[in-house]
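No lab work stands behind these numbers, since they all come straight from the coordinates. Just so we're clear, the structure is a prediction, and the values are computed from it rather than from any experiment. Cβ placement follows ideal geometry from the backbone for every residue including glycine, while neighbour counts extend to all protein chains displayed.
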């Protein structure tokens, strides 16, 4: 069961890359091992007729055919990879314009914690290290940093983005199951880098909106 | 004593090569100990062997040492020893400069390690990301000392790449066309070009960062510059750097595999073309290190394409290496095993690189152990393993003795197994962040980390066999003879080890690639070889040749390097005077000592009679008409162009990012700028007149024109200094706002160049008064002129950029 839209997307693209990588790897390694085993020096080995000797630089051998073939096959492999990547990045970098109230959250990275700001209509409500979101809604995060270069990542969601002072990077996802996930900083940010963790709490919609409404100051 | 003198004062390329190799192997061990300690810390969750503070220093110094002080120097140790032998010259173009490169390298490494003993080593990760690297977030002196070490290292690399470039373009044996060079010299040549264009960018980045930290300028601590300015400047250097540490190993592999397969390299011209192509593409892929910084959809797509495309040349190289094995008679000796092992690791590292080239996957994989696994497959799996192959391959040539094949094979098997166990699990840790000192037991990372640590111990332990083998075999190994591998490149025609002067007779190449020594084809003593060859140092050839360059000691390179070392130490180990605003107090006594010693050694260096023999009949396409020294200076100026290009680029970067930049004409007085331009352009004219007078043999003309150049340079600096002081005390420039930062750094760097030019003028003037330069010996004036015109041209760019727009 997938936990989020980003995980589904990552798994399918990563799967495509992995299949092709394994296929290419098997072919190339088979060739390499076959050649090594077959042509290693044995008592029965033939002496190659073009072994260069000291005193005469060897004449270049080999066919342009081989280069053309290598390049064509490689291109055949990388084109689907590029196309797949383009599709996925279009999706990653095009966050939904309209998300529900309480589903657009500002993330500010500090040494060494994450601060989440909810715009609840009257006064911003801030939490530290705990990011509550509802399941089954598009969630949009605007990520920035208050001090140094951080990176906001959600383990298991396969999505992250850099938190850079003076810049805002937007990511989005669609949580598919409730539960707790670990948020962690993925760029070295100082002595407390390894402690810079938070929790993503994906709550049922009812639970989330009841919490969200309770933060509104009347 | 004689022996100490040999190693300290040597200018012989083979001795220097050995020094590079031994030094980098020691540093390999040192950086390896750091790695194994970190792996031990990470073996189980919540481990407490290292504190975060110490771990961060270890992770940083491990990376910096391995990249700058192990991979490249080991490769250039081989290059020093082997390249002159392969291209048929007796030494590099500038032997004393070569010695200086080595000592700068050694002292820079010492300085990097010393930083541990000054209380804090750099603790930023080797990528030194800003603004974490700015003084307010990293207030220890760690990276100040680190910056000093890196600057010394870049100086070493620049000197060395100029030296190799001139040597390889200008001093090849007669008839040795570039196309007859084998893969290793080609790979080194391509590497040098990347070094020349990439390292100035790094130098500029480190200098800017150091000035920020020491004097409180704000290039990297401001929002407008900051993280993205560093990312751009650093990775413009950083991606070519990845290939700089890889290519020499590819060259070695592509020399070893054919030798042991007993067949020429398949498609050698395509392999070389692929190296050149990959080197060029490497300069347009740096954006993939910034995929997740938010550089925009279009840029990320563009960089995805270029980065995936850079895999194509490497496909050609790998396939050609495999095809070389077809119908071969492959001798699986240790060098071949390591070379093929490196190819295998490179395939894995290359394929996983394609994953990271995809911006979409990078949004998940960025900053994780998947990245760590990928680049260790390249840097350790391909580079280190390939370089170890080179170590075994050339060991007999360097020492004249054979290593122990059995131990070497055990070393190979353990290295390969240890390597896979160490790094493959990291591919599976694609959720674990890099550079964390420990992790929680609730994660499922424990088993994979434990496995990796186990592999680390196997791999590290295996390297002890290497050290043992090298040490013991160099003493008691059986004599190897000149050509134990029946290889065909030129170094194997010489005795092992080669005599100090290498060649009794410089070989010549005929157009079909046949090598001739001395009078003509034919082996000494009538033994029959199928082709026309004589042995260069055989008893009956090389009639009456003189032995050159068997002496060639010079004490000045090591002294000069030492002077630079204590100068930079003094500059960087001072304690912060007060934390905010940061202003470091340099340690003046060391600086003064450094300057005095530097002046003494410069004086000694220039007075020393050290003639470098230039053979008249050499192959020097495409620079036939250009003398060695001039080509060296042009190359140096090429590197300077990149350096200033980065400074000017940084200025543009912050200026376009800053909406509140004061309009033109409000900050700087155009009249000042105009006056300085006029003065400097006139000084170019006097520099030309000095050369013209020298050509005409007019001594007083030379003196007057040089004097004029000196006075005009001084006038320029005088106006500049006035402007600096009046602006420095003005409101606009309080706290070094960005306009002030960019102005002070850019014009300051240019001013230093003007000052250096004036120092040269003083030296030239002193010689001119003694009557030099007018008897056809005016080349020095010409070289000075090139430099001086370059400095003026830089100002021609700075004037409009700062004063007019």
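Run the quick spin-label model on residue B:44 and residue A:90: label points 7 Å from Cα toward the beta carbon, then report their separation in nm to one decimal.
Computed distance between label sites residue B:44 and residue A:90 equals 5.2 nm.
Sorting B:315, B:512, B:404 on the 10 Å Cβ count, fewest up front, what's the list?
Fewest-to-most ranking of B:315, B:512, B:404: B:512, B:404, B:315.
Normalised by the number of residues in the range A:104-214, what is the relative contact order in percent for Cα pairs under 8 Å and 6+ residues apart?
Dividing the mean separation by the residue count of the range A:104-214 yields 29 percent.
In peptide B:42-52, what is the residue-averaged number of other protein chain Cβ atoms found within 10 Å of each Cβ?
Average per residue, whole number: 1.
Tell me the label-point distance for the pair residue A:37, residue B:789, using the 7 Å Cα-to-Cβ offset, in nm and rounded to one decimal.
It is 6.5 nm.
Between residue B:585 and residue B:178, take the C-beta separation as r, use R0 = 45 Å, and let me know the FRET efficiency to the nearest 0.05.
Working: r = 52 Å, r/R0 = 1.16.
With R0 = 45 Å, the Cβ-Cβ based efficiency is 0.30.
If contacts are Cα pairs under 8 angstrom and at least 6 residues apart, what is the relative contact order of the range B:660-804 in percent?
39 percent
What distance in nm separates the two pseudo spin-label positions at residue B:721 and residue B:670, each 7 Å out from Cα along the beta-carbon direction?
The answer from the label model is 2.9 nm.
Going by how many other Cβ atoms sit within 10 Å of their own, how do A:160, B:772, B:720 line up, fewest first?
Listed from fewest to most nearby Cβ atoms, that is B:772, B:720, A:160.
With axes computed from alpha carbons, what is the tilt in degrees of helix A:64-92 against the longest principal axis of chain A, rounded to the nearest 10 within 0 to 90?
Helix A:64-92 sits at roughly 0 degrees to that axis.
Counting alpha carbon pairs within less than 8 Å and at least 6 residues apart, what relative contact order, in whole percent, applies to chain A?
Computed value for chain A: 21 percent relative contact order.
Tell me, how many Å apart are the Cα centres for the range A:65-126 and for the range B:186-233?
Their Cα centres are 28 Å away from one another.
Please order B:624, B:333 by the number of other Cβ within 10 Å, starting at the fewest. If you can, show how the numbers build up before the last one.
Values: B:624 10, B:333 19.
Going from sparsest to densest Cβ surroundings: B:624, B:333.
Shielding by partners for B:288-294, please: the mean number of other protein chain Cβ atoms within 10 Å of each residue's Cβ.
Partner-chain Cβ atoms within 10 Å, mean over residues of B:288-294: 5.
Efficiency by 1/(1 + (r/R0)^6): what FRET value for residue B:769 and residue B:514, r their Cβ-Cβ distance, R0 = 45 Å, to the nearest 0.05?
After rounding to 0.05, the efficiency reads 0.25.
Between residue B:592 and residue B:755, take the C-beta separation as r, use R0 = 22 Å, and let me know the FRET efficiency to the nearest 0.05.
0.80
Do the sum for the protein assembly as shown: with -39,500 (n - 2.57) for every DSSP H run of n ≥ 4, divided by all residues, what is the mean residue ellipticity at 222 nm, to the nearest 500 deg cm²/dmol? Write down the numbers at each step before the final one.
Numbers: 27 runs with 586 residues, N = 1023.
Result for the protein assembly as shown, helices only: -20000 deg cm²/dmol.
Write down the percent of antiparallel bridges among all DSSP beta bridges whose residues are both part of the protein assembly as shown, to the nearest 5.
Close to 75 percent.
In terms of the Cα gyration tensor, with a ≥ b ≥ c the square roots of its eigenvalues, is chain B rounded because a/c is under 1.5, prolate because a/b exceeds b/c, or oblate?
Details: a/c = 1.79, a/b = 1.11, b/c = 1.60.
Oblate, since a/c reaches 1.5 and b/c is not below a/b.
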